[in-house]
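Q: Got a structure for you, questions after.
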Amino acid sequence: MSEVRSNTALPTPVPTINPDSAEFWAATAEGRFITRRCTNCAQYIWYPRPICPFCHSQETTWEPLSGRGVIYSFSVVRKAGGDWKGVTPYVLAYVELDEGPRMMTNIVDCDVEQVAIGDPVEVVFEDTGEGSALPRFRPAPR
Amino acid sequence: MAEDVVVAGVGMHPFGRHSGRSLKDLARVAGLRALLDAGIGPQGVQMVYSSNAMAGMLQGQEMVRGQTVLREIGIEGVPVVNVENACAGGSTAFAQAVMAIRSGAADVVLAIGFEKMFVADRSRTLDALESAADLDVVAGLGIQFTAVYGMRLRARLADGSIARQDLADVAVKSHANGVRNPYAQHRVQVTAAQVLESRAIADPLTLLMCSSICDGAAAVVLARGGALPQPGRPTVRVLASASTSGFTLDPAGGPSGATLCAQRAYEQAGAGPGDVDVAEVHDAMAPAELLYAEQLGFCPPGDGARFFRSGATALDGRLPINPSGGLASRGHPVGATGLAQLAELTWQLRGEAGERQVHRPRIALAQNSGGWLEGESAAVNVHLLERTQRWT
């Protein structure tokens, strides 16, 4: 279980939830990080979807993720529009999960000037207040 | 190739900020210029593929955008197909027109792209741009395309294969070419110091490295070889037309969409990257040119910066890239960009590119990419054009 918190520095809009993603979002609200994994080719699939994009098998199941990974690359966004205008600078990043997939996310709880490729990070869930939470990542001990 | 398809005419409305002009005004100018260049009237067009990405959100014209602008120039009573493929829409319209002619459905087809991104509320334009990604997946991330390119480049700065100075120098080259292009949005020479000191947008990218909000239109008339004789003018034919959608990257790695598409195009043409004499690539941020030079096979993987530093990609180099100024300097009105690239290459192959003319090119490559899906472009098109007559 990872932390779910409601005080967030970044906007946390409510995601679009459909029958294929309902279980994922319900898990986030409880601090559980899951995705689909292919039982045919064993790949973890991000974003979670019912058909494996690698071998096209329909035999995929929900599996827990460790919530740990490293920063593959990132950018400090210094100019933004809309709801994001007031929260610059913020970090948009690809995190390479321990299980393999790279996901786009934000790095939070950090000094944006100190973020570096290869930094270990862990998931933290930011509550939307509507039964879902957005997975973001914060620096973790090595 | 069983049926040669030729570029019979091209035309553009200058790219830039055109507050007093409507979407129809922009499209009308580009469309009429392309018809004039092809030597035909509106009645000569048998089919149209029309590209626009954002008029639904920005002008409220959610449907039949092509028909509404085309009747302004008297093109009515023919099949009109509306095309949307984010920033790759223009080249998608071109690819469809090529297929229509090859299929035998038509002999003369117009591909037209138009976009008006300057509207009263700039945040609407930014929202429309964000929708070039899968909103179910990226909602809540504050995604912007500058940062997506920023991440690609950051990884290369970190491994030392690209230096921060390269990012600035390539933007200087883009602007130097744009200065010579009367159709370009940003026609101001800049220095590397100015580029690096300009406002940070998304690290490591600064304002002067990035394409910006832009209005504009571009159009191309394609014809079956021999259908529109143009004596006295060099013929530009379509040597290859290759397209792909994005795909989920295997964590173990693999070729990019641009690489995959370029390989397909080279195979169709029976040519290779060494045969290309001039290229227009999708540099929504000027330094992306360094990455695409590798992905299109112009230099080995990892050598994009070294290739650029050698001078090979300058106007007088071995393989000039983005003589028009590219997206960053010529401008990037989303649905029109792909056709502007093909118009530029047609002018280059004919020898009509004025002050930015490169030396006697025979084969030209255009690469146009659109949207973003988990690390890959959502749509990519690569075209190869050939001048069939020798230079004299």
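Q: What is the calculated FRET efficiency for residue B:158 to residue B:21, with r their C-beta to C-beta distance and R₀ = 45 Å, to the nearest 0.05? The partial results should precede the final answer.
A: Numbers: r = 44 Å, r/R0 = 0.98.
With a Förster radius of 45 Å, E is 0.55.
Q: Continuing with this model, one more query. Taking each pair of distinct Cα atoms in segment B:215-297 once, what is the resulting Kirkwood hydrodynamic radius in Å?
A: Numbers: mean 1/r = 0.0641 Å⁻¹.
Computed over segment B:215-297, the radius equals 15.6 Å.
Q: Let me ask something else. Net charge within 10 Å of residue A:73 by Cβ-Cβ distance, Lys/Arg positive one each and Asp/Glu negative one each, not counting residue A:73 itself? Write out the running numbers ahead of the final one.
A: Working: positive: A:102, B:152, B:154, B:156; negative: A:96.
Local net charge: +3.
Q: Which far-off residues, 5 or more places away or on another chain, put their amide H under 5 Å from the one on residue B:13, with H placed in the peptide plane?
A: Residues meeting the amide H criterion: B:30, B:217, B:218.
Q: What length, rounded to one decimal in nm, is gained on full extension from residue B:61 through to residue B:390, with 0.36 nm per residue of separation minus their alpha-carbon distance?
A: Full-extension gain reported as 113.9 nm.
Q: How high is the relative contact order of chain A, given as a whole-number percent (alpha carbon pairs under 8 Å, six or more residues apart)? Write out the running numbers ahead of the final one.
A: Numbers: 308 pairs, mean separation 38.2, N = 142.
With pairs under 8 Å counted, the relative contact order is 27 percent.
Q: If you don't mind, another one. With the Cα gyration tensor of the protein assembly as shown in hand, give its eigenvalues times 5 under a square root as the equivalent ellipsoid semi-axes, listed largest first in whole angstrom. Could you put the intermediate results ahead of the total?
A: On the way: eigenvalues 323, 122, 101 Å².
For the protein assembly as shown, the ellipsoid semi-axes come out as 40, 25, 22 Å.
Q: Mind listing which GluC sites (Glu not before Pro) in segment B:48-94 are in a DSSP loop and have 16 or fewer other Cβ atoms within 10 Å?
A: For GluC sites (Glu not before Pro) across segment B:48-94 that sit outside H, G, I, E and B with at most 16 neighbouring Cβ atoms in 10 Å, the list reads B:62, B:76.
Q: Compute a Gaussian network model of chain B, connecting alpha carbons closer than 10 Å, and tell me which residue from B:370, B:77, B:225 fluctuates the most.
A: B:77
Q: Whose amide H sits under 5 Å from the amide H of residue B:47, counting only residues 5 or more places off or on another chain, with H placed in the peptide plane?
A: B:110
Q: OK, next. When the Kirkwood hydrodynamic radius is evaluated over all pairs of different C-alpha atoms of segment A:74-118, what value in angstrom, to one decimal, is obtained?
A: Values: mean 1/r = 0.0876 Å⁻¹.
Evaluated over segment A:74-118, this radius sits at 11.4 Å.
Q: Using the Karplus equation 6.51 cos²θ - 1.76 cosθ + 1.60 (θ = phi - 60°), what ³J(HN,Hα) coupling, rounded to whole Hz, does each residue of segment A:61-78 give in order, writing x for Gly and Pro?
A: Result, rounded to whole Hz: 9, 6, 9, x, 10, 6, x, 10, x, 10, 6, 7, 7, 7, 9, 8, 7, 10.
Q: What average count of beta carbons from other chains do you get within 10 Å of the Cβ of residues in A:79-90?
A: Taking the mean over all residues of the peptide, I get 5.
Q: Could you work out the mean projected area of the convex hull around the alpha carbons of segment B:352-392, in square nanometres to one decimal?
A: 4.2 nm²
Q: Further question on the same structure: Please report the relative contact order for segment A:60-141, taking Cα pairs under 8 Å with a sequence separation of at least 6, and give it as a percent rounded to a whole number.
A: Rounded, it is 29 percent for segment A:60-141.
Q: Another one. Looking at the calculated P(r) for segment B:141-207, what percent of the C-alpha pair distances fall above 19 Å?
A: 39 percent
Q: Related question: Counting other beta carbons within 10 Å of each residue's own, what order do A:65, B:222 fall into, fewest first?
A: Lowest to highest Cβ neighbour count: A:65, B:222.
Q: For segment A:66-142, state which GluC sites (Glu not before Pro) are in a DSSP loop and have at most 11 other beta carbons lying within 10 Å of their beta carbon. Kindly include the intermediate steps, with their values, before the conclusion.
A: Values: sites: A:96, A:99, A:113, A:122, A:126, A:130; in loops: A:99, A:113, A:130.
Taking segment A:66-142 and a limit of 11 other Cβ atoms within 10 Å, the loop GluC sites (Glu not before Pro) found are A:113.
Q: Based on the Cα coordinates of segment A:17-89, what is the per residue volume of their convex hull in Å³? Can you show the working numbers first?
A: Numbers: hull volume 10.9 nm³, N = 73.
Expressed per residue, the convex hull around the Cα atoms of segment A:17-89 is 150 Å³.
Q: Can I ask one more? Dipole of segment A:28-142, Cα-centred, from +1 at each Lys and Arg C-beta and -1 at each Asp and Glu C-beta, to the nearest 20 debye? The partial results should precede the final answer.
A: Numbers: 12 positive and 15 negative charges, 62 e Å.
Rounded to the nearest 20 debye, it is 300 debye.
Q: On average, how many beta carbons from a partner chain sit within 10 Å of the beta carbon of a residue in A:66-75?
A: That average works out to 4.
Q: Counting alpha carbon pairs within less than 8 Å and at least 6 residues apart, what relative contact order, in whole percent, applies to chain B?
A: 26 percent
Q: Could you pull out every Cys in the protein assembly as shown that lacks a partner Cys with its beta carbon under 4.7 Å away?
A: A:110, B:87, B:210, B:214, B:261, B:299
Q: Let me ask another. Beyond 15 Å, what share of the Cα-Cα pairs of segment B:297-392 is found? Please give it as a whole percent.
A: The share of Cα pairs beyond 15 Å in segment B:297-392 comes to 66 percent.
Q: With viscosity set to 0.692 mPa s and temperature to 37 °C, compute the Stokes-Einstein D of segment B:96-142, Rh being the Kirkwood radius across alpha carbon pairs; µm²/s, no decimals.
A: Stokes-Einstein gives a translational diffusion coefficient of 233 µm²/s.
Q: Using square roots of five times the C-alpha gyration tensor eigenvalues, list the equivalent-ellipsoid semi-axes of segment A:21-139 in whole Å, biggest first.
A: Details: eigenvalues 144, 56, 32 Å².
Those come to 27, 17, 13 Å.
Q: Same structure again: Please pull out the direction-averaged projected area of segment B:20-84, using the convex hull of its alpha-carbon atoms, in nm² to one decimal place.
A: 4.4 nm²
Q: Out of residues 5 or more away from residue B:139 or on other chains, whose amide H comes under 5 Å of its own, with H placed 1.01 Å from N in the peptide plane?
A: Correct list: empty.
Q: Hey, another quick one. Considering all projection directions equally, how large on average is the shadow of the alpha-carbon convex hull of chain B, in square nanometres?
A: Reported value for the Cα convex hull: 18.0 nm².
Bear in mind these aren't lab numbers, they're just calculated from the coordinates by the rules spelled out. These figures come from a predicted structure and were not determined experimentally. For neighbour counting, all protein chains shown are included, and Cβ atoms are generated from backbone atoms with ideal geometry for every residue, glycine included.
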